[in-house]
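Each reported figure results from applying straightforward, stated rules to the coordinates on display, with no laboratory input. The model shown is predicted, which means the values in this text are computed figures rather than measured ones. No Cβ is skipped: glycine too gets one built from the backbone with ideal geometry, and neighbour counts run over all protein chains shown.
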Amino acid sequence: MLVEAGHFALALALGLSLIQFIVPLWGTRANDPVLMSVAPTTALAVLACIAFAFVALTVAYVTSDFSVLNVVENSHSTKPLIYKISGVWGNHEGSMLLWVLILSFFGGIVAIARDSIPARLQANTLAIQAAITLAFLAFILTTSNPFDRVVPAPADGQDLNPLLQDLGLAIHPPLLYVGYVGFSISFAFACAALIDGRIDAVWARIVRPWTLTAWAFLTLGIAMGSYWAYYELGWGGWWFWDPVENASLMPWLAGTALVHSTVVMEKRDSLKVWTILLAILTFSLSLLGTFLVRSGVLTSVHSFAVDPERGTFILGILVVFIGGSLALFAWRAPRLQQGGVFAPISREGALVLNNLFLATACATVFIGTLYPLALEVMTGEKISVGEPFFNLTFVPLIVPLLLLLPFGQTLAWKRGNLLGAAQRLYAALGLSLLLTIVVFAFTHDGPVAAPLGIGLGTFLILGSLNEIVTRSWTKGGDWAVMRRKAFGLPRSAWGSAIAHAGVGLTVIGIAATAWDVETLGTLRSGERLGVGPYEARLERIVPRREANFREDVATLTILRGGQELGTVDTMKRLYVTRGMPTTEAGIMTRGLSQIYVSLGEIQPDGSLGMRLYYKPLVLLIWLGAVVMAAGGALSLTDRRMRIAAPAKSRRLPANPLPAE
């Protein structure tokens, strides 16, 4: 009965979304406050219905209700509870339900933010948000219903894909979806502002927290997915330029540009047209990622669905929302008033340059990802675009962007002094160059670019620290006073510095991969295999059985200079229900470095194949991403992010643009 109620709740949410879409738009055109007030109420009702449906599906998974087809295909009675719960979104239908739940959750937050958003802007925004919800609810109910029954009900399920039975994959999709769907709010605000014809610094102040929230969660989602692939797939890499990885990277790049563009718009009331376009493109790239994952056009470990009917439906959603929003932009954007002016050498100018680099880098990823698909459709020829292409196109754009970043954050607003900014950075630059020389002197292997990467990452970290120091330090000043000044700086200043330092940490981690060491070999019990400064000694291999899989567990002792440091276990698993084998890597962490062990096959002579890696400073790759997200979260606590828009600015005119 609960399953049918969940299905009905989705249908009811569909009807309410239609009301939320039509009535508020009518109200803003008629300047009727009563009709506009329908938007918040229906948004909360839609959230309640979808939340109930999601709870109903979760209960079906937890109780192993195998009368539900979705539960049969993705669960098993012996599966641990955590993976029963994560199985709800570990499949196409459930993940789409999670998608619309997050979508409606953001709409609900906008609905209750009555005091911080002008009424007309709120009504139009919720109407656009409802249109997106309406489209995806229609998609779920017609092609991807998670509540379909199966008769007769089987005795047990087919189990969840073993690769998804992992804590990382329990966390990764919700984080990623909050990022993807979070940009829908920026998109809705942009379309609402175009409809109303009013875009100013107040709009930028309203949109910026939503954009920053989505960006922080998308950063964490991408990092979690990268770390999952690193330890779960057994290949020891952190990024493969997989097309579905690229599908998440593209909105992140565009979203990063959007975060910086809204800063300029809020500070100087400039870049209005560009900021609106970025808001549209960022969510459009999120929709494109949804299409790539669920249309069947890609074959990837990340892909969920291979049903052409679903792909066609999502393609239709892309055409409507991307095409419709760009058409609205083309109609309204030329009539928007331009904002304040600024000198090319200024913080605004640096942020514009930042946007150009990020947008171009995003375009290279877009071309490298979509070109093979387009070529196959037009000619039938299949080609592969991989790491060499992206290294030759993406990296040369990102490196100068990172070099310029500390200079940009040191320049003054409106009109800056490049020489003065360089003088304030001479200590950071000097220390970074010194470290680069030291690394060159003490390393003999790896590409020349690796020490330069270490120096670049250090420059980013010291440059971020320099931003805080120069804003609080005065020559001959009292230390206590300077400390009070530093902690009295806006939290957005601290958040920006921390996020940029996180970029530096990630750059150092990526550069250090040049010194990764890999060793392949076969071992018998008691034999050793070296990797970098470490050795691994095979102690034993024993079979083990758990509730829904059996495995062979190899235990190795890690040694350095003859001293035992501890043991690691690496496993070969067989998930019985699906008959699918997986490899579970054994990892020992030493500071920020790791020794990574992956079990191979048992050889005919009884020896055991083994792959060992030594990965210096590898944890900095993901630690940097966490620091970036923490910087974004700190910025969200800034007072300017929490105060309402000025009362005068909230009273928007009924028809800001002249009649046609």
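Please list 123-136, 427-440, 88-101 highest first by mean number of surrounding beta-carbon atoms within 10 Å per residue.
Ranked by mean Cβ neighbours within 10 Å, highest first: 123-136, 88-101, 427-440.
Students often check this: by mean Cβ neighbours within 10 Å, which of 372-380, 416-424 ranks highest, and how do the rest follow?
By packing density, highest mean first, the sequence is 416-424, 372-380.
About the Cα centre, and with charges only on the beta carbon of Lys, Arg (+1) and Asp, Glu (-1), how big is the dipole of segment 1-165? Nearest 20 debye, please.
Its charge dipole is roughly 440 debye.
Take the eigenvalues of the Cα gyration tensor for the chain, scale each by 5, and report the square roots as semi-axes in whole Å, largest first.
42, 37, 21
Using +1 on the beta carbon of Lys and Arg, -1 on that of Asp and Glu, and nothing else charged, what's the dipole of the chain about the Cα centre, debye to 20?
2780 debye
Please order I102, I85, I383 by the number of other Cβ within 10 Å, starting at the fewest.
I383, I85, I102
Using per-residue counts of other Cβ atoms within 10 Å, averaged over each peptide, order 247-256, 551-560, 18-27 from highest down.
Answer by packing, highest mean first, reads 247-256, 18-27, 551-560.
Considering the options I140, A257, G237, tell which one lies farthest towards the positive end of the dipole of the chain, charges being +1 on Lys and Arg and -1 on Asp and Glu at the Cβ, about the Cα centre.
Selected residue: A257.
Once each part is reduced to its C-alpha centroid, what is the distance from segment 464-521 to segment 65-137 in angstrom?
Taking the Cα centre of each part, segment 464-521 and segment 65-137 sit 37 Å apart.
Please give the charge dipole size of segment 517-615, origin at the Cα centre, charges +1 on K and R Cβ atoms and -1 on D and E Cβ atoms. Round to the nearest 20 debye.
In total the dipole reaches around 160 debye.
Taking only C-alpha pairs under 8 Å that are 6+ residues apart, what is the relative contact order of segment 29-100 in percent?
24 percent
Is the shape of segment 482-582 rounded, prolate or oblate, going by the alpha carbon gyration tensor and its root eigenvalues a ≥ b ≥ c, with a/c under 1.5 for rounded and a/b larger than b/c for prolate?
prolate
Structure shown: which of K79/K615; K382/K615; K267/K485; K272/K485 lie over 29 Å apart, alpha-carbon to alpha-carbon?
K79/K615; K382/K615; K272/K485
Can you give the FRET efficiency to the nearest 0.05 for T567 and I383, using r as the Cβ-Cβ distance and R₀ = 45 Å?
0.50
Have a look at L336, W473, L529 and report the one farthest towards the positive end of the charge dipole of the chain, computed about the Cα centre with Cβ charges (Lys/Arg +1, Asp/Glu -1).
With unit charges placed on the Cβ atoms, the residue in question is W473.
Answer with one residue from T219, V385, S75: the one whose Cα lies farthest towards the positive end of the charge dipole of the chain, charges on Cβ with Lys, Arg +1 and Asp, Glu -1.
The listed residue farthest towards the positive side: T219.
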